[in-house]
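**Student:** Sending over a structure as structure tokens; questions will come in a sec.
The values are calculated or read from the model by the stated rules, or taken from the named source; none is laboratory data. Quick caveat, the model's predicted, so the values are computed rather than measured. Neighbour counts are summed over all protein chains in view; Cβ atoms, including those assigned to glycine, are modelled from backbone coordinates with ideal geometry. The area values use the complete protein model at the heavy-atom level, side chains included, leaving out ligands, DNA and RNA. Shrake-Rupley method; radii C 1.70, N 1.55, O 1.52, S 1.80 Å.
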Amino acid sequence: MTTNSVNGATPPPASTGAAASRAIERRTELAAFLRTRRERIGPQDVGLPPGSRRRTAGLRREEVAQLAGVGVTWYTWLEQGRPINASSQVLDAIARTLKLDAVERAHLFRLADVPGSDTRGSCSPDCPLPAEVQDVLDAFTTVPAYVVNERFDLLAWNDMYATIYPRVTSAPASERNTLLATLTSPACCNPVGSADIVCNSMIGQLRAAYGRHVGDPAWTHFIRILEAASPAFAKAWAAHDVAPLITRVKSFRHPGVGTVRITSTSFAVSVFPDARMVVWTAADEESRTALDKLAAGLGTDAHFPCWPAHEPEPAVLAGVAS
């Protein structure tokens, strides 16, 4: 096998059928990710003169190649989605040049399909979770708790979560998706506070997870449905931004108790590598009181003013899962 000792690239092994199709989609995703990362960096950010004849935003391909110490032709092929492979050393150099953070770097390595990259499986909405997982959720009697997979399909939840999100929890299994619900719920009765900010964070996490599933028909179908259902999603998805999964403070609205600020914390569910349990705890005393009221059944029968005009409608996600 011929090896390019300068760039650390080797010809990829031959592949056919479904494997070949996935490889093409992965390279296409890699090409778009590299292009959007390059375009967000100005020459002044890396010590280069801005120039006056730039026709595109960000760095030029030859500038990235020069700064990373790789051949211009080789980097151009990489960004064009040509069938070439790169060593971890080369990808590290590109990641440094493009100023990728830890999440973006991991995303780059997954898309490049370097040895040892994460290839975890997926849990669909109708996959059976062990009974003890539901037992743990039910043990949280005064705070919302639920389990989702990397696609934000809702897999399990407790009564407190159902009190806040009846639209999602009452839907058929194939239609329970928290991202889709957040994107498409009318603003007047969307429980999510600052829904646009929350959605951008969720889409960034989805993009990072997508790197592990490029070419998977279920994921491809899922993304297409989200793009059709929400122009905001389509725009954010095209930006190729990735985001980490972090503990953070956010808020939800409930017609019976008002706005509640919570801290969202995630825990891995080891039986399914792509599933996580999310627990919401009160971020302040006022919110703790509101959660206690909901746990005691106070205000749980309240509705937003638009009810019943905006009762849960058939979701557009049918057929995506599994």
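**Student:** For segment 134-261, count the residues as N, evaluate 2.2 N^0.38 Å, and divide the Cα radius of gyration by that value, please.
**Tutor:** 1.06
**Student:** Using heavy-atom solvent-accessible surface (probe 1.4 Å) with all chains present, what is the largest-first order of Ser21, Ser270, Ser230, Ser201?
**Tutor:** The ranking, largest first, comes out as Ser270, Ser21, Ser201, Ser230.
**Student:** Something else about it: Using only protein heavy atoms and a 1.4 Å probe, report how much of Arg248 is accessible, in Å² to the nearest 10.
**Tutor:** About 60 Å², ignoring ligands and nucleic acids.
**Student:** Roughly how many Å² is the accessible area per residue of segment 149-262, as a whole number, for a 1.4 Å probe?
**Tutor:** Result: 36 Å² of accessible area for each residue.
**Student:** For the chain, what percent of Cα pairs sit more than 37 Å apart?
**Tutor:** 27
**Student:** With every protein chain left in place and a probe of 1.4 Å, what is the accessible surface of Val249, to the nearest 10 Å²?
**Tutor:** Per-residue accessible area (Val249): approximately 80 Å².
**Student:** Give me the percent of accessible area attributable to carbon and sulfur for the chain, probe 1.4 angstrom. Mind dumping the intermediate values first?
**Tutor:** Details: 8460 of 15570 Å².
The computed percentage sits at 54.
**Student:** Moving on to the next point. Rounded, prolate or oblate: which fits segment 74-206 when a ≥ b ≥ c are the square roots of the eigenvalues of the alpha-carbon gyration tensor, with rounded for a/c under 1.5 and prolate only if a/b beats b/c?
**Tutor:** Note, shape of segment 74-206 comes out prolate.
**Student:** Under 1.5 on a/c is rounded, so check that first for segment 188-230, then, if it is not, pick prolate when a/b is larger than b/c and oblate when it is not; a ≥ b ≥ c are the square roots of the alpha carbon gyration tensor eigenvalues.
**Tutor:** Because a/c hits 1.5 or more and a/b fails to exceed b/c, segment 188-230 counts as oblate.
**Student:** Report the equivalent ellipsoid semi-axes for segment 195-322 in whole Å, largest first, defined as the square roots of five times the eigenvalues of the gyration tensor built from alpha carbon atoms.
**Tutor:** The three semi-axes for segment 195-322 are 30, 20, 15 Å.
**Student:** Quick one: if the Förster radius is 41 Å, what FRET efficiency do Thr265 and Cys188 give, using the C-beta to C-beta distance and rounding to 0.05?
**Tutor:** After rounding to 0.05, the efficiency reads 0.90.
**Student:** Also, quick follow-up: Please give the length that would be gained between Thr141 and Asp292 if that part of the chain were fully extended, namely 0.36 nm times their separation in residues minus their C-alpha to C-alpha distance (nm, one decimal).
**Tutor:** Full extension from Thr141 to Asp292 adds 53.4 nm.
**Student:** Sticking with this structure for a sec: Could you state how much accessible area His107 has, in square angstrom rounded to the nearest 10, with a 1.4 Å probe and all protein chains kept in place?
**Tutor:** Roughly 0 Å² of His107 is accessible to a 1.4 Å probe.
**Student:** May I ask which residue of Cys123, Thr169, Ile225 lies farthest towards the positive end of the charge dipole of the chain, with charges of +1 (Lys, Arg) and -1 (Asp, Glu) on Cβ and the Cα centre as origin?
**Tutor:** Final value for the positive-end residue is Ile225.
**Student:** Which value does Rg/Rh take for segment 30-110 over its C-alpha atoms, Rh per Kirkwood?
**Tutor:** 0.94
**Student:** Which whole number in µm²/s is D for segment 156-217 by Stokes-Einstein, with the Kirkwood Rh taken over Cα pairs at 10 °C and 1.306 mPa s?
**Tutor:** Once the numbers are plugged in, D ends up at 122 µm²/s.
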